[in-house]
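Here the structure is laid out as structure tokens; the discussion comes afterwards.
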Amino acid sequence: MMRALGRLAIALVLIFLVGPFLVVIGAGLTAGEVPAFPPRGLSLRWVEAVFAVESFRGPFVVSLVLAFGATLAALALGVPVAYALSRYALPGGEALRTLLFSPAIVPAIVVGLALLRHLVVPLGLPVLHALFLAHAALLVPYAVRVVGASLEHLRPDIEEAAVLLGASRARAFFAVVLPNIRGGILAAFILGFISSFNQVPASLFLTGPGVSTLPIQMLAYMEHTYDPSVAALSALVALGSIAVVFVAERALGIFRYV
Amino acid sequence: MSDAVFLRLSGLTLGYGDMIAVEGLDLSVRRGELVALLGPSGCGKTTTMRAIAGLIEARAGRIELDGRDITRVPANRRDVGLVFQSYALFPHLSAFDNVAFGLRLRRVPRVELERRAGAALASVGLDGLAARLPRELSGGQQQRIALARAMVVEPRLLLLDEPLSNLDARLRLEMRGELQRLQRGLGITMLYVTHDQAEALALADRVIVMRAGRIEQVDDAETIYARPRTGFVARFMGFETVFALDAGGLHGETGGVLQAPAGAPAAGALAWRPDGVVLGHGPHRGRIRAASFGGAKVEYLLDTSAGPVKAELPARAPRHGVGVEIPFDLPLATAAVLERL
């Protein structure tokens with residue numbers, strides 16, 4: 001009885017998690033004129049249509065560049081922070097930790113609005129810079145967290161061992177620490193990349209004339225054109241994300257580190 | 001072995017935050033000597049060792065190595081090796097690359113590097129496992145790799161932090177012999193930190209007993225074992241019955257007095273090992289609180305007017321029951337005469 005209930009619970013959770021994804025894929029593969037699930041006949045015409053939509057191309061490139069740049073920036077900031085937090089009893093370390101997680105707690109839409117109101121408008125920041133700042137800021141907590149988790153697994157005394165064998169502190173970090181948290185850094189990169197690529201709430205305030213990200217452009221597109229190509233594009237983006245995670249997992253088993 | 005002092009600590013004071021771990025420590029180690037730093041956990045022995053390695057800064061005092069003041073020299077330029085209790089092997093490098101790490105930092109040419117790292121692996125009997133990662137090695141093998149890694153760069157001084165404490169008893173004995181062989185063979189000066197009294201006595205030329213950040217006694221192993229100078233060292237060396245001594249007699253924790261043996265000094269303290277206490281006859285009387293069988297012998301814990309006394313008898317001797325009052329003697333001949341408690 002308990003076992004049957006347990007299975008039912010697992011099934012419900014799976015449906016809840018995978019269901020929307022299946023709906024989107026189904027709607028994208030419809031042969032009809034409007035998104036529908038179950039699809040009315042199967043066809044790839046809306047998938048082909050995605051590639052014909054001119055207005056998706058620019059935002060796609062923006063989103064790619066943005067996700068790449070913002071994730072790298074977040075890691076460049078996050079790795080040293082995670083290292084410092086894990087290795088030193090910093091004065092106010094706890095407060096710093098809390099502060100670092102605040103972008104993850106404050107709704108992204110608020111971050112976007114705050115940036116717009118207090119940085120973009122007063123400074124006349126270009127759209128792309130503002131997007132970059134917002135995305136990077138939102139990703140730092142993830143970078144700190146994921147890299148921090150793999151640092152926790154690493155004994156601090158291996159650095160001391162390297163130093164006593166003649167390495168400088170910096171050399172010890174690059175020769176002994178970095179190779180051992182590579183998996184964590186890659187996991188943080190993939191999580192960051194995907195979450196930036198799919199970022200909506202903060203981008204909503206920060207995209208501007210001529211520069212948009214893919215998810216924002218998809219929203220805009222849907223406002224005036226209600227056809228299944230957005231569903232097809234969503235499915236493509238989701239499949240792309242899954243492919244990246246799958247390859248990384250296969251190659252490195254990285255999610256052991258998270 | 002030369003008699004010149006090779007490592008000298010003078011007035012060394014160390015601490016963490018508000019806590020002082022070691023205060024005004026003086027000690028010296030001669031070239032080629034194996035000295036054990038012995039004490040219970042928290043006595044400051046590991047802190048002292050880390051300061052010698054340069055991993056923590058001295059609050060006050062000097063560290064001299066081979067006639068040079070190294071107190072402010074950074075850890076990576078001290079040329080002091082350390083074998084960690086946890087081994088601290090680099091998890092992403094093979095046994096060979098772990099050992100070769102220090103040689104690579106020194107830009108040793110490839111041919112020489114392979115020869116020296118290979119020889120170091122062979123000297124600890126692991127040349128067959130050069131390609132293994134640390135996680136593919138047993139604890140004893142990891143320990144040997146750590147030793148080879150520290151020794152291959154030929155440090156002037158090798159520090160060992162409880163290097164055998166994570167090994168099982170049989171392996172510990174084996175490695176103890178191996179360490180001694182390597183040390184004698186290469187003439188490396190070693191400072192060996194341990195809380196294991198038997199290990200310190202078996203390995204070291206000299207033993208330094210530490211307590212609460214200060215040195216309690218420095219002597220060769222046999223002297224420390226036979227003639228401890230303080231109650232603390234005596235207890236560490238198995239003299240489990242320790243009484244303070246004055247003109248009135250022996251005083252223990254209960255406040256009562258036992259008559260001191262004839263010829264005892266008028267001050268200081270006396271200590272006995274369980275096998276130095278005579279049970280069954282003598283001038284004192286005590287009640288047996290506990291008796292425990294320990295293989296070849298039976299240990300008795302006696303309540304006496306001055307405090308507890310630990311005694312033992314061979315297992316084949318007649319047993320005494322718990323609660324029985326029996327006579328006993330604390331002869332001067334088997335006592336360690338201490339300067340203080």
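The values are calculated or read from the model by the stated rules, or taken from the named source; none is laboratory data. Remember, it's a predicted structure, so these values are computed and weren't measured experimentally. Counting neighbours? That spans all protein chains shown, and the Cβs are built from the backbone with ideal geometry, glycine included. When the accessible area is computed, the model is the full protein with side chains, heavy atoms only, and any ligands, DNA or RNA have been set aside. Shrake-Rupley method; radii C 1.70, N 1.55, O 1.52, S 1.80 Å.
All of (1) away from chain B (no Cβ under 14 Å); (2) touching a Leu at 6+ places or on another chain (Cβ under 9 Å); (3) open to solvent by 20 Å² or more (accessible area, probe 1.4 Å) hold for A:PRO126 with one exception: (2). The residues listed here are A:ALA67, A:ALA9, A:ALA52, A:ALA4; of these, the one that is hydrophobic (A, V, I, L, M, F, W, C), exposed (fewer than 13 other Cβ atoms within 10 Å of the Cβ) and within 30 Å of A:THR207 (Cα to Cα) is A:ALA52. Among the residues of region B:78-101, which ones are in a helix (DSSP H, G or I), open to solvent by 10 Å² or more (accessible area, probe 1.4 Å) and more than 8 Å from chain A (Cβ to nearest Cβ)? Matches in region B:78-101: B:PHE96, B:ASP97. Restricting attention to region B:138-182, the residues that are over 29 Å from B:GLU112 (Cα atoms), hydrophobic (A, V, I, L, M, F, W, C) and open to solvent by less than 30 Å² (accessible area, probe 1.4 Å) add up to 2. Which of the residues that make up region A:227-249 are outside any helix (DSSP H, G or I) and surrounded by fewer than 23 Cβ atoms within 10 Å (Cβ to Cβ)? Across region A:227-249, the qualifying residue is only A:ASP227. Only one entry in B:VAL111, B:VAL209 is more than 14 Å from chain A (Cβ to nearest Cβ) and in contact with a helix residue (DSSP H, G or I) (Cβ under 6 Å, 6 or more places away or on another chain), namely B:VAL209.
The condition (being surrounded by fewer than 20 Cβ atoms within 10 Å (Cβ to Cβ), without any contact (Cβ under 8 Å) to a residue 40 or more places away in the chain and farther than 28 Å from B:VAL22 by Cβ) is satisfied by just one residue among B:LEU129, B:LEU121: B:LEU129.
B:HIS320 meets each of the listed conditions (1) in a loop (DSSP other than H, G, I, E, B); (2) under 26 Å from the mean Cα position of the chain (by Cα) apart from (2). State whether one or more residues within region A:168-184 are farther than 28 Å from A:PHE101 by Cβ and part of a loop (DSSP other than H, G, I, E, B). For region A:168-184, residues farther than 28 Å from A:PHE101 by Cβ and part of a loop (DSSP other than H, G, I, E, B): present. Annotation: of all residues in region B:264-293 being free of Cβ contacts under 8 Å to residues at least 24 places away in the same chain and not in a strand (DSSP E or B), the one that is farthest from the chain's Cα centre (by Cα) is B:ALA266.
Just so you know, in region A:185-206 the residues that are outside any helix (DSSP H, G or I) and surrounded by fewer than 22 Cβ atoms within 10 Å (Cβ to Cβ) include one that is farthest from the other protein chains (Cβ to nearest Cβ), and it is A:VAL200. Hey, can you tell me all the residues within region B:236-263 that are open to solvent by less than 40 Å² (accessible area, probe 1.4 Å), farther than 20 Å from B:GLN197 by Cβ and within 30 Å of the chain's Cα centre (by Cα)? The answer is B:PHE243, B:ALA244, B:LEU245, B:LEU250, B:GLY252. Considered as a group, the residues in region B:114-132 that are more than 14 Å from chain A (Cβ to nearest Cβ), part of a helix (DSSP H, G or I) and not acidic (Asp, Glu) include one that is nearest to B:MET175 (Cα to Cα), and that residue is B:SER123.
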